[in-house]
Amino acid sequence: MMIDEAIKLQGELLSLLPEVGFNKYIASTRLSLEALERIKEGREKGYDFFGHLLPGEQEEIKNG
């Protein structure tokens, strides 16, 4: 899974969780979303936090 897709899905999850009353999951999802966004932003600025992909993350294939 790509980070952009994970960010999108976490955002969608935030809109679904209140409907079923999972407040702790909402807080956890917000934290996950913030962490993913910061990792993405750091990479865009040239920082390499871990030197490798996150578990389950796919490398983006650049064409051209």
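The values are calculated or read from the model by the stated rules, or taken from the named source; none is laboratory data. This structure is a prediction, so every number in the text was calculated from the model and none was measured. Cβ sites come from the backbone with ideal geometry, for glycine too, and all protein chains shown count toward neighbours. Each accessible area value is taken on the protein alone, full model and side chains, heavy atoms only, with ligands, DNA and RNA left out. Shrake-Rupley method; radii C 1.70, N 1.55, O 1.52, S 1.80 Å.
Below, the figures for the structure above:
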{"quantity": "For GLU19: the one exception among (1) assigned to a loop (DSSP other than H, G, I, E, B); (2) loosely packed, with under 10 Cβ neighbours inside 10 Å", "calculated": "(1)"}
{"quantity": "Pick from the range 44-64, criterion within 13 Å of the chain's Cα centre (by Cα) and open to solvent by 100 Å² or more (accessible area, probe 1.4 Å), ranking: modelled with the highest pLDDT", "calculated": "GLN58"}
{"quantity": "GLU41 vs. criteria of a type in the set (D, E, K, R), open to solvent by 60 Å² or more (accessible area, probe 1.4 Å) and either in contact with a helix residue (DSSP H, G or I) (Cβ under 7 Å, 6 or more places away or on another chain) or part of a loop (DSSP other than H, G, I, E, B) (or both)", "calculated": "no"}
